[in-house]
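**Q** Quick one: this structure, given as structure tokens, is what I'll be asking you about.
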Amino acid sequence: MNKLNISFCFILCCSLLLCFSFSCRLYNLEKKLDPVDAEFLSKVRYIITSEERKIFLELPDEEKEKFREEFWKRRDPDPNTEENEFRILYINRIEAADKLFRGEGRPGWLTDRGRIYILFGPPTDRITYPMGGDPYSRSREIWYYGSFPVVFVDFRSNGNYTLVTYDLSSVRSLNLMYMHELSLAQHEAQKTFKQEKGFFDFSWRVEKTFIEAERVEAIVIIEIPYAVIWFKAVDGRLKTTLDVHLDLRDFKNTVIWKYEEALELEIEEEELEKRQKENYNIEISFILEKNLEKIRRGKNQLHAVIKNRTGEEESEKVMEFKL
């Protein structure tokens, strides 16, 4: 194996390990959810985006209720009315699916037929084929949404219907095309609101640059995608303010270091368009010379709260800090 292949394999293995570690971290966060948050995440599984799920799991517990409210608010087709029509429709479909497709050893809304019913609504036509009623012998259902077919098959004749493609194994390209079209249709169903900006979010990390018995120096590096920052036009330029708050708390929740600053951002519209896939980076240095014995006991938490004033959006995160 040449050096190029070895390098490629090494990079690939590292990437897979990072993805696995990230997935495990989110899985562990999900297992720690309280019953209310766990039920919410379970019920919205068909419409929540991967970005929303990540943000929700990483939020402090006291911020999750606000997220749930914002989640439905963003999907409200008519904010001027008291009722959120989308939320009502979605919950009603879950309840209907639970009644229509029970008997598969799990709640009806968690079955394949339940998922399609919730995302697309009742089909325009539903054709059922009982076992032995046609040359395929297995029980089947075909739902039509207009001219688009969705097929379910009871492979084991036990009442459990699985979403499948047509039996086009001899024409694999058509089979793959069917799955592609179904994926596109489901993706469109999940786009339940128009959104020019994504959820305000940031990634961050801490790099320790100097550690001694009586002194610790570090840098907090914060990265905010330009694509999620709201600006307002002022005198022909785009401007906003980011309020940044950081604090380090020991195992008794006592604040031992704090940082606050209002960062003014100003950029040309053309420049912002070029940077839509880039991040706005913030580097904050801090030095610790007191209470180091408390910090070395562990269980310290570094809190970060960043608010985008223009969009009135705020994101909060917490990480463990060890020496």
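**Q** Considering only region 297-323, how many residues are modelled with pLDDT of 85 or more and not in a strand (DSSP E or B)?
**A** Here the count works out to 1.
**Q** Hey, among the residues in region 12-45 that are at pLDDT 90 or above and surrounded by 15 or more Cβ atoms within 10 Å (Cβ to Cβ), which one's nearest to residue 64 (Cα to Cα)?
**A** Going through the qualifying residues, I end up with 37.
**Q** Another question about this same structure. State whether the residues of region 98-109 include one that is among the acidic types (Asp, Glu) and either exposed (fewer than 12 other Cβ atoms within 10 Å of the Cβ) or over 30 Å from residue 152 (Cβ atoms) (or both).
**A** Within region 98-109, the subset among the acidic types (Asp, Glu) is 98, 104.
Keeping just the survivors that are either exposed (fewer than 12 other Cβ atoms within 10 Å of the Cβ) or over 30 Å from residue 152 (Cβ atoms) (or both) gives none.
No, region 98-109 contains no residue that is among the acidic types (Asp, Glu) and either exposed (fewer than 12 other Cβ atoms within 10 Å of the Cβ) or over 30 Å from residue 152 (Cβ atoms) (or both).
**Q** Only residues in region 277-290 that are part of a loop (DSSP other than H, G, I, E, B) count as the first member; pair them with residues that are modelled with pLDDT under 95 and of a type in the set (D, E, K, R), Cβ under 9 angstrom, at least 6 apart or cross-chain, and list the lot.
**A** 289/214; 289/215
**Q** Quick one: how many residues across region 60-117 are touching a Pro at 6+ places or on another chain (Cβ under 6 Å) and touching a residue at least 12 places away in the same chain (Cβ under 8 Å)? First the steps, then the outcome.
**A** Going through region 60-117, the residues touching a Pro at 6+ places or on another chain (Cβ under 6 Å) turn out to be 85-86, 98.
Next cut, touching a residue at least 12 places away in the same chain (Cβ under 8 Å) only: 86, 98.
Number of matching residues: 2.
**Q** Same structure, new question: Just to be sure, is residue 219 buried (at least 16 other Cβ atoms within 10 Å of the Cβ) and either aliphatic (A, V, I, L, M) or modelled with pLDDT of 90 or more (or both)?
**A** Numbers: buried (at least 16 other Cβ atoms within 10 Å of the Cβ): no; either aliphatic (A, V, I, L, M) or modelled with pLDDT of 90 or more (or both): yes.
The answer is no for residue 219.
**Q** Still on this structure, please answer the following. Quickly run through region 233-253 and pick out the residues that are in contact with a Leu (Cβ under 8 Å, 6 or more places away or on another chain) and of a type in the set (A, V, I, L, M).
**A** Those that are in contact with a Leu (Cβ under 8 Å, 6 or more places away or on another chain) and of a type in the set (A, V, I, L, M): 238, 242, 244, 246, 248.
**Q** Looking at (1) surrounded by fewer than 13 Cβ atoms within 10 Å (Cβ to Cβ); (2) out of contact with any Phe, Trp or Tyr (no Cβ under 9 Å at 6 or more places or on another chain), find the lone condition where residue 124 falls short.
**A** Checking residue 124 against (1) surrounded by fewer than 13 Cβ atoms within 10 Å (Cβ to Cβ); (2) out of contact with any Phe, Trp or Tyr (no Cβ under 9 Å at 6 or more places or on another chain), the one that fails is (2).
The values are calculated or read from the model by the stated rules, or taken from the named source; none is laboratory data. This structure is a prediction, so every number in the text was calculated from the model and none was measured. Heads up, the Cβs are rebuilt from the backbone with ideal geometry, glycines too, and the neighbour counts pull from every protein chain shown.
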